[in-house]
1. Could you give every pair whose Cβ atoms fall below 6 Å, whose first residue belongs to the range 631-648 and is closer than 23 Å to residue 415 by Cα, and whose second residue is small (Gly, Ala, Ser) and part of a strand (DSSP E or B), counting only separations of at least 6 or pairs across chains?
2. Among the numbered criteria (1) under 44 Å from the mean Cα position of the chain (by Cα); (2) open to solvent by less than 60 Å² (accessible area, probe 1.4 Å); (3) modelled with pLDDT of 90 or more; (4) among the hydrophobic types (A, V, I, L, M, F, W, C), which single criterion is violated by residue 379?
3. Within the range 367-380, can one find any residue that is closer than 19 Å to residue 111 by Cα, part of a loop (DSSP other than H, G, I, E, B) and in contact (Cβ under 8 Å) with a residue 40 or more places away in the chain?
4. Go through the range 144-159 and give me each residue that's at negative phi and under 31 Å from the mean Cα position of the chain (by Cα).
5. When residue 723 is evaluated against the numbered criteria (1) in contact with an Asp or Glu (Cβ under 8 Å, 6 or more places away or on another chain); (2) buried (at least 24 other Cβ atoms within 10 Å of the Cβ); (3) closer than 24 Å to residue 423 by Cβ, which criterion, by number, is the only one it fails?
6. Filter the range 633-683 for residues that are of a type in the set (S, T, N, Q) and buried (at least 23 other Cβ atoms within 10 Å of the Cβ) and give the result.
7. What number of residues in the range 521-536 are in contact with a helix residue (DSSP H, G or I) (Cβ under 7 Å, 6 or more places away or on another chain), under 14 Å from residue 762 (Cβ atoms) and hydrophobic (A, V, I, L, M, F, W, C)?
8. Residue by residue through the range 684-705, note down the ones that are more than 28 Å from residue 450 (Cα to Cα) and either surrounded by fewer than 24 Cβ atoms within 10 Å (Cβ to Cβ) or among the charged types (D, E, K, R) (or both).
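The values are calculated or read from the model by the stated rules, or taken from the named source; none is laboratory data. Please read these numbers as outputs of a predicted model, since none were measured by experiment. Neighbour counts are summed over all protein chains in view; Cβ atoms, including those assigned to glycine, are modelled from backbone coordinates with ideal geometry. All accessible areas refer to the heavy atoms of the entire protein, side chains included, with ligands and DNA or RNA removed. Shrake-Rupley method; radii C 1.70, N 1.55, O 1.52, S 1.80 Å.
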Amino acid sequence: MTEKPPSKSAPSKPGPWWTRRPGWWTRRPDWWTRRPDQLPRGRVRWLVFILVLVVAFLGYDWFRLSSLSSYRYAGQGWKFPTQVYADWRDYRVGDHVDATSLVRALDRARYRRIWKSPTDPGQYRVRGTTFEIFLRPFTYPDHVERGSEVVVDIQDGQVASLGEGFAEPGPRGLLRVDPEILGEFSDQERERRSYIPLGSMPRHLILAVVASEDRRFFRHWGLDLLGMGRATVRNVRAGAVVEGGSTISQQLVKNLFLSRERNVWRKFHEALLAVMVELRYSKEQILEFYLNQIYLGQRGSWSVCGVEEGSLYYFNKHVQEITPAEAALLVGVIPAPNKLSPYRDPEAALARRDQVLVDMVECGFISKQDAARYRQTSLRFAANPPPTTRAPYFVDYVRELLAKDISESDLSARGFSIFTTVDGRMQEEAERIVRAGAREADWRSPIGGAERSPAQASLVAIEPSTGYIRAMVGGRNYAESPYNRAVDSKRQPGSAFKPFVYAAALDSYYSGRRPPLTAATLLRDEPDTFQTSLGPWAPKNFENSYAGQVTAARAIARSLNIATVRLSQMVGLPKVIEMARNLGIESRLRQVASLALGTSELSVLELTTAYATLANGGVRVPPIAVKAVLDRGGNVRWSTRREGRRVIRPETAYLTTILLEGPVIYGTASAVRSAYGFVRPAAGKTGTTDDENDAWFIGYTPDLAAGVWVGCDRNRRIGLTGTQAAVPIWARFMQTALQDRPFRDFEAPQDVVDVWIDGDTGYRAGPECLHVMRAAFVRKTEPRQMCPVMHLPFWSDSLPPDSSMYEEPPTPQETPGQEEQQDKEPPAETPPEPKAPPSGDAAGAGGAGVEPGN
């Protein structure tokens, strides 16, 4: 039987994959090679294909050119650094300010003093007691300054009058000088650029650019064939490239969109883009883009871009303020900014300036006489070291704070304006004083070791009523160590924690304790052992010196440890911790007996915030570093909300403040007055750890609270107390910071009375008492019984009853080894004649009162 061959139509069953012919997976399906019927045949198909490519290419370029409109706001093109400003100051009629301070503020804002009437923004003149100031345009979070002529008259340290206009001054509410720049945030490209509208640029600068870079700019469509031919002829004759043929439009698109390589394709693409730019944008817009984009030099690691930054770099002037001669030089460096820089080759720079003036004459923009006069003008170039950041620790703190709400990319490249709360003058003085104080601590330290681990110091100053951080210094040298010890470092505060114990005690009247604890309460101060959960604990006073029995007022003034621990047990540690939390302490507080002596680690910022709450009458305002953040359009991108909250009674805050005046007047911080001459009403407390590793002083006036820490990073023993290391820094800073402020005393609440008490017994000071202290009491809790006995020996830390509380007691200026936890008794001195207590006390006030010692 003959076997039939298989049918061709029958599908063959594929064998296993390993038997298949190699390359089967590379075969193209039929649809791949099949030509669509709707596609034209022959050459037409290729013409259509090329046309589609050209349209796509031109469409892509047209789309790219649309980004020019977003460059002004740094949306997708140029990256603008974010500028961080110090706080501004408002001057109103009646404000305290002297002429020197106003001159200093204008100089810090880069205003130029001239001897004739100001004609341009950024200038001012002083005639006797009158200032004539031409303000610059500036956008604030709450106000837009258009640029005004302001007349200020200062009489006897006060603003006597404010007027607007030099000729016939009209009424004006306030003067606000634009703030100084503290620093900038940028990305890795580090370009300094400030966008300036064309209408704000001087006309002579625009004419100089057109005459030098593109004479036929207003007559061509992106390509200047005549100019290209002229440049070619000049280059051939010179045998080198002496003139470029590119138009301003070509330079703009080359710098923005194309690479630096030189070839025919790039030149063709450049010409095409230039024509498209001309079709899409007006001549004025193209000039504005160009003048804000052009590279004009290198300032350290920063690229100087745009005429505004170029003007600041070369002349320390805003572009609106430069003269025609300065504008000609600025335009002259455009072809080769680094080669023609006046800092590198002054002769070449001046030669280029003269050539630009010749070009302007040839174009008919200026006369030959004007050009000759401008050539004779001597130019003063700004001393321009690489830009540095002022208040670097504070600027880092601001960046870290804002990074929680604003992305890092936006913060570095969107050109925001960050308005902070720091006072530029206070900050500068704080940095100088902290550096000097740290060096002095190294010199005074009896331990040595400064070569291996030098002393460090930090300072924070806060305005109590607003919470504004007016100064912040995180160390003696940011370049050597950017670690911010004012915020990030937590150390034991020692006796600087004691005010929270006394504040909790003084608040006992409102918690129902009867009798309440007051400044006249007697405390035992003698060696003792306290039982704790960790076993017996026996704290000591400094040099094992004990007073036996003292009032609470004297215990805090002399920083007696045993008396303070006893008081904390009378109040209860939970109440002490609650008081510290209410005032602003956020760090972990261990509920142990040694808490009263400051064994829990705290930062300078939070401790200063807590003291500022006392200065503010018990209203806690969180520390504020930034007022607002504006984008390039002047819109508020981020703002802070000042939320004041009452956390303790005003009576308790005032009682504690008067108690804390004791250390400053006749206690461990008396050197504030005797050695450094700070005589304003002030309260504060020193602090030193047992191992003498950390030295503190936190103090405040009604207007400013400041905290100072001195120590070493490696926990090296410095061997100095808060009196010796921290008090000098605080006193020098506060003396400078408040020099323009009027004297103000702490305001007593209505239900509080001030009473002079005997420091030995706590009774009211009688006519024969010599050992008196000023204390404050809630009405009806003050002692009523007069002290009937004489007390010897005489205290040197007391005042006669009729002495002002701000006079310096007869104590030594500063005794070496004096410890704020309990200083040694000063040498006895001859007591003054007994005097009667001051009249006007609430003697015989209604109520039974409280006997001393309760």
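1. Close Cβ pairs (under 6 Å, with a partner that is small (Gly, Ala, Ser) and part of a strand (DSSP E or B)) amount to 636/628; 639/628.
2. All conditions pass for residue 379, except number (3).
3. Within the range 367-380, one or more residues are closer than 19 Å to residue 111 by Cα, part of a loop (DSSP other than H, G, I, E, B) and in contact (Cβ under 8 Å) with a residue 40 or more places away in the chain.
4. Once the filter is applied, which keeps residues that are at negative phi and under 31 Å from the mean Cα position of the chain (by Cα), the range 144-159 yields 144, 145, 146, 148, 149, 150, 151, 152, 153, 154, 158, 159.
5. (3)
6. 652, 656, 657, 668, 670
7. Selection size over the range 521-536: 1.
8. Scanning the range 684-705 gives 701, 702, 703.
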